[in-house]
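Reading through the C-alpha cells given below for one structure.
The values are calculated or read from the model by the stated rules, or taken from the named source; none is laboratory data. All figures in this text were calculated on a predicted structure; none of them were measured in a lab. In this analysis, Cβ positions are derived from the backbone assuming ideal geometry, glycine residues included, and neighbour counts consider all displayed protein chains.
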C-alpha cells in the first residue's frame, strides 16, 4: 500500500512491438530504458504489453487483439480504482492515465490508439521531449526544447484539428497534459512563425557563443576536453571531480541539458577547460540532436573527448554504438578520444570489480576504468589529460626585457617554466610550451624589445 504522505504518481503502461530484426536482448534493453525515462518523468509504470510482429500496425501501432487486451486491462484498473474510491481507500484513483509507446509513431496511430484504449498516448519521442522541457534551466535550453517540441507537434496538431471537424477542438493525445488546443490557438502558420522567431533567438545566441568560444580558445590555445557519453553514465559526477566545482549530480536521465565549462583542477600547464554535454540515448529525436547542437558543439570543438561509459551496465556496447553514431552525425568522430569506464565501484565486490576491469582492459586496451568518487582514480585521469595536452610541448628559451615584465604572468600561465635567470637587460625563461604559444610569446617579446 502506498504511503499516504507520499504524492501519488500518475500510472502508465508501456507498450512495444518487437520487430523481426530486433533480438531479445536489444528489445529488453529498450524497454528498460523507457521505464527509466518514465521514472525520470515522474510516472509509475504498472505493467507492459509487448507483441512480436513483422511490422507495426498501420492503424494503431499494435495488432487488434493486443489493443483489446490493453483496453480490458485499463478498464479493470479503472473499475478497481472506482471501487476503492467508493470505499474511501487511501489507494483510490490508481487508474492508468498514460500509454507509453516504445517507438515514434505517426499522429494517426497515436490518436487511434488513444481513442481505443481511452488513455493519453505518449510515444518515446514525446517522453524524451517532455523530460527535456522540464529539465531545461537556461533560456537557451528552453528555446531549443521549444523548437524541437513545436517541430514534432505540428503534424500531430494538424491531425487533431482535421479530426475535430468544424468545432476545431480535439485532444492531440501525444504531448502530455495541456497540448490539445483549438485550431484558432495553434494552427500551422502560427507554429511556423513561432519556430522562425525562436530560430532567430538561437542564431543570435550561437553568434554570441561563438564569440565566447573564440575568446576561450585564444586564451587556452584550444586546450579543451569534452565529456560525452550515454545519459546517466556519471558525466556530471566526473565533471565535478575533475574541476572541483559544484555541478548538478542526479541519478536520473538527462540531468544535464546546459553546457557547463570549467577549468581542470588542479590547474595545469597548459591550462585545460572541461565541458559537459547533454547525454546521448537510443533513438534520440533528430530534432533534439539539431536543437542541442550548441551543447554537442563543445565536443566538436574539443581537442580531446572523454567518452564516459557505465562499466556496470550490461548494455554498454549498444550505448557505445549510439554515442559513436551521434558523434559521427555532428562530425566529432575524428576528435581524439579516451574511453572512461565509470562506476566500477557499483559492482558487487572487489573480485567482480577486478574481473570486470581486466575484461574491459582486454577489449579496450587504451581505456581507463575508474570510479568518479575515488580521489586516486581522478588523479590518474587528471594525469592522463595533462599528458595528452603536453605531448606536443617543446623546450625553448624566451628573453623578456625589463620593460615588458607584464608578460611574466602570461608566461607562467601558459608555459611550464623550467628555469629563470636575469641580467641587466631583462629575464631569460627556459620553458616548455606548445609551438603556437611559443610563437605568440616570441612575437610579443620581439615587439617589446623593438619598442
Review point. Going through region 363-377 one residue at a time, which ones are out of contact with any strand residue (DSSP E or B) (no Cβ under 9 Å at 6 or more places or on another chain) and surrounded by fewer than 15 Cβ atoms within 10 Å (Cβ to Cβ)?
Key: 363, 365, 374, 375, 376
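Check 360, 320 and return the single one that is within 23 Å of the chain's Cα centre (by Cα) and either surrounded by 19 or more Cβ atoms within 10 Å (Cβ to Cβ) or at pLDDT 85 or above (or both). Can you show your working first?
On the way: 360 fails: within 23 Å of the chain's Cα centre (by Cα).
Within the list 360, 320, the selection yields 320.
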Point to revise | Members of region 363-410 that are outside any helix (DSSP H, G or I) and either over 37 Å from the mean Cα position of the chain (by Cα) or farther than 22 Å from residue 312 by Cα (or both) | key: 391, 392, 393, 394, 395, 396, 397, 398, 399, 400, 401
Check your understanding: Got a sec? Which of 256, 237, 220, 231 is at pLDDT below 80, touching a strand residue (DSSP E or B) at 6+ places or on another chain (Cβ under 9 Å), surrounded by 16 or more Cβ atoms within 10 Å (Cβ to Cβ) and closer than 18 Å to residue 310 by Cβ?
Key -> 256
Check your understanding: For region 90-145, which residues satisfy the criterion of being surrounded by 20 or more Cβ atoms within 10 Å (Cβ to Cβ), more than 30 Å from residue 66 (Cβ to Cβ) and out of contact with any helix residue (DSSP H, G or I) (no Cβ under 6 Å at 6 or more places or on another chain)?
Key -> 135, 141
Point to revise | Options 38, 141: the member that is within 30 Å of residue 313 (Cβ to Cβ) and assigned by TED's automatic domain parsing to the domain that holds residue 199 | key: 141
Review point. Applying the selection to region 414-451, what residues are part of a helix (DSSP H, G or I) and in contact with a helix residue (DSSP H, G or I) (Cβ under 9 Å, 6 or more places away or on another chain)?
Key: 414, 437, 440, 441, 444, 445, 447, 448, 449
